[in-house]
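> Below is a structure I'd like to ask you about.
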Amino acid sequence: RRNLEEKELLLQEMRHRIKNSISRVMAIARQTASSSDTIADFNKSFSARMNAMANAQDLLARSHWGRADMGDLLTKELEQVFGDQKEASHVEGPAINLNEKAAQALGLVFHEMATNALKYSGVADGNAELKVHWTYEGKGSKKMLRLVWTELGNIVTGEPERKGFGTRLVEANVRGELGGEIERRFDKDGMTVTFRIPAKAVA
């Protein structure tokens with residue numbers, strides 16, 4: 001009887017996770033379609049976003065306790081987007097084991113941020129430098145994960161007037177999924193985006 005109860009709990013959890021994943025995929029498909037001019041554009045963007053989700057799931061599956069190291073997740077997304085040009089980026093921070101929700105959310109965030117850097121910052125051709133570092137700050141209920149994404153050489157005069165789907169996806173995952181904050185700063189040396197996420201949302 002105890003084994004049957006445990007199996008039922010596992011099945012319920014599996015159904016819940018599958019339902020959430022399908023809902024996320026459907027939402028991404030709809031939004032990607034609405035922002036794509038051609039079927040080819042849709043296929044390219046949608047496939048890349050599905051790969052980002054798959055990368056997070058792959059790291060989670062390797063762990064017996066269903067967690068993924070944030071540094072590994074970030075590095076994997078940078079490799080996927082930049083390929084051999086990943087060496088132009090500098091990644092630094094303590095080991096942080098993300099829970100499933102945070103891993104899926106941040107996997108998509110890292111993918112969108114890297115894709116945007118590839119398109120606009122010049123990191124891929126050596127005209128800009130990407131730096132990503134993170135740490136914990138604060139204590140107790142106020143403890144936050146602080147991640148700083150800096151694109152040196154990406155000179156932007158200010159916030160774009162219109163937010164693309166990638167930007168909205170980043171905000172939905174950081175603010176909506178994880179209850180975090182996003183701060184963008186545009187300096188003469190480049191662009192910096194700072195994410196602050198409650199530690200309890202990623203642990």
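The values are calculated or read from the model by the stated rules, or taken from the named source; none is laboratory data. Here the structure is a predicted model, which is why all the values come from computation and not from measurement. Positions of Cβ are backbone-derived with ideal geometry, glycine not excepted, and every protein chain shown enters the neighbour counts. Ligands, DNA and RNA are stripped out before the accessible areas are found, and what is left, the full protein with its side chains, is counted by its heavy atoms. Shrake-Rupley method; radii C 1.70, N 1.55, O 1.52, S 1.80 Å.
> Taking the range 171-203 as the search range and keeping residues that are part of a strand (DSSP E or B) and of a type in the set (S, T, N, Q), which one is farthest from Leu130 (Cα to Cα)?
Among those residues, the one meeting the criterion is Thr194.
> Looking at the range 161-203, which of the residues that are basic (Lys, Arg) and in contact (Cβ under 8 Å) with a residue 40 or more places away in the chain is least open to solvent (accessible area, probe 1.4 Å)?
Among those that are basic (Lys, Arg) and in contact (Cβ under 8 Å) with a residue 40 or more places away in the chain, it is Arg196.
> Residues being modelled with pLDDT of 90 or more and more than 14 Å from Leu147 (Cα to Cα): count how many of those fall in the range 88-100.
2
> Something else: Any residue at all in the range 67-87 that's over 20 Å from Arg175 (Cβ atoms), surrounded by 21 or more Cβ atoms within 10 Å (Cβ to Cβ) and modelled with pLDDT under 85?
yes
> Looking for something modelled with pLDDT of 85 or more, within 26 Å of Ala199 (Cα to Cα), open to solvent by 80 Å² or more (accessible area, probe 1.4 Å) and outside any helix (DSSP H, G or I) - is there at least one such residue anywhere in the range 134-157?
yes
> Just the residues that are among the polar types (S, T, N, Q), closer than 24 Å to Gln57 by Cβ and exposed (fewer than 14 other Cβ atoms within 10 Å of the Cβ), please, taken from the range 36-47.
Asn43, Ser47
> Another one. Mind checking whether some residue in the range 1-13 is open to solvent by 80 Å² or more (accessible area, probe 1.4 Å), at pLDDT below 75 and not in a helix (DSSP H, G or I)?
The answer is yes; a qualifying residue exists.
> Which one of Lys101, Lys119 is part of a helix (DSSP H, G or I), of a type outside the set (Phe, Trp, Tyr), open to solvent by 30 Å² or more (accessible area, probe 1.4 Å) and without any contact (Cβ under 8 Å) to a residue 12 or more places away in the chain?
Lys119
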